[in-house]
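Here the structure comes first, spelled out in structure tokens, and everything after it is commentary.
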Amino acid sequence: MIRLAAAILTAGICALALAMPVNAQSRVLTPDEEFLLQEISAHNTEIRTMAGRFVQIDSQGGQIEGTFWLKRPDMVRFRYAPPSREEIISQGRGFYVIDRQERTQYAYPQDNVPLRQFLGDEVSLINSNLSDVILSETHVSVMIVDESPIGTVQVSLIFNRETLDLVQWSLIEPSGVETTFSISETEKGIDIPDQYFRIDPTYRSVNAQN
């Protein structure tokens, strides 16, 4: 079963952040860092829809690929490539892991998922719980600390410095398990009907698994 905490980030999953309280910031930014994070936030806020490919890599080096669709706010769908029959879908009320073969679903409340803020209507990296910012000639790495029911989760977001796009993120769980998520072949501003995030109501509900 796909592990939700590792898989999401979903949605940065690329949707990037609804602001956390300003006083949560633990890193004092330089003027250059602040300006760059404001640019990244504004750029990603303008991205209302996106689709593309993803690769998920776990701590043991195992890889699984798939396709994702994002519609801001609150909607995202990750479809894992065969042989997996699982998908992760958010409709704004929570994250659902569905198994198309078993025709089952289990839900995580939106508030219980690391990076739930990253499906919000507005991105504000400066107002997130920053722990560090690392700049290179080609990329910007933003480190964020998030609280979840499993404990403190460390999140690393990597942006292309030229395009300001999110290209990769990693989640480090309290146990030390790290999962990295890379996206590619993205298309922005495409038409994605709300129906695309629909979950078949005939799917049987089961208990969430870790």
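When the stretch 184-210 is filtered for residues that are assigned to a strand (DSSP E or B) and either over 24 Å from Q56 (Cβ atoms) or modelled with pLDDT under 90 (or both), the ones remaining, listed by number, are R204, S205. Where strands (runs of 3 or more DSSP E) sit wholly within the stretch 97-178, those with at least 1 residues that are at pLDDT 80 or above and under 22 Å from R53 (Cα atoms) occupy 139-148, 151-160, 166-172. So, in the stretch 145-183, how many residues would count as being free of Cβ contacts under 8 Å to residues at least 24 places away in the same chain and touching a strand residue (DSSP E or B) at 6+ places or on another chain (Cβ under 7 Å)? Count: 8. Summed over the stretch 62-95, the residues that are under 14 Å from the mean Cα position of the chain (by Cα) and hydroxyl-bearing (S, T, Y) give a count of 2.
For the stretch 161-202, a residue qualifies if it is surrounded by fewer than 17 Cβ atoms within 10 Å (Cβ to Cβ) and aromatic (F, W, Y), and exactly one does: Y196. Note on the stretch 81-91: among residues that are within 22 Å of L171 (Cβ to Cβ) and out of contact with any Phe, Trp or Tyr (no Cβ under 9 Å at 6 or more places or on another chain), the one that is modelled with the highest pLDDT is A81.
The values are calculated or read from the model by the stated rules, or taken from the named source; none is laboratory data. Everything quoted here is computed from the prediction, not taken from an experiment. Methodologically, a virtual Cβ is constructed for each residue, glycine included, from the backbone with ideal geometry; neighbour enumeration extends over all protein chains shown.
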